[in-house]
Amino acid sequence: GLDNSGKSCIVNFLKENRAKSSKKKKNNNENEKFESTPTVGFAKEEFEVNNVKFMVYDMSGQNRYRDMWETYYSDVEAIIFVIDSSDKFRVVVAKEELEELMSNNTVRNNDIPILFFANKMDVKGALTEKECADELELNNITDRTWFIVPSNGMTGTGITEGITWLS
């Protein structure tokens, strides 16, 4: 996903010892929230869910780093693509990046499942997961399994559901 979509926040939520790599803070409802700093380049993280070990490359979504993404496609068994559902303007850019990803020979020639997190669903006016799927034209992806789930990386809403599907 693009920069500021919440990729690192989601990874930090999933990491077993997330408190060490995130700053805990309370929101207005006194629920636990996890924040993280933007990734520069990439960060390699590992965690386990449902007895499945994940090694995640948290790739920076900043424009100058997106060309690096394809470097890691050859060894992937799944792709997690995070959409900032509150940034309606940049969903168009996310769609372009997704099309670029899907046109890559390694991705195109392998049956790599894709999990989409429609993130930041707590933001007023955010697109629903269906609206995100429509904007990204996910129904055109017919050559592989994919799943989209509404999420909030800061509170963890939807994250476990998505990772459980992937595992």
Whole-Hz couplings from phi, Karplus 6.51/-1.76/1.60, listed for segment 123-133; x for Gly and Pro: 7, 4, x, 5, 5, 6, 4, 5, 5, 4, 4
Listed residue pairs exceeding 18 Å between alpha carbons, taken from 15/95; 88/120; 53/130; 44/88; 7/124; 95/124: 15/95; 53/130; 44/88; 7/124; 95/124
For segment 85-161, accessible area per residue (1.4 Å probe, heavy atoms of protein chains only), Å²: 52
Of every Cα-Cα pair in segment 75-131, the percent that sits beyond 14 Å: 58
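The values are calculated or read from the model by the stated rules, or taken from the named source; none is laboratory data. Just so you know, these numbers come straight off a predicted model, no measurement behind them. Keep in mind that these areas ignore ligands, DNA and RNA; they rest on the heavy atoms of the full protein, side chains included. Shrake-Rupley method; radii C 1.70, N 1.55, O 1.52, S 1.80 Å.
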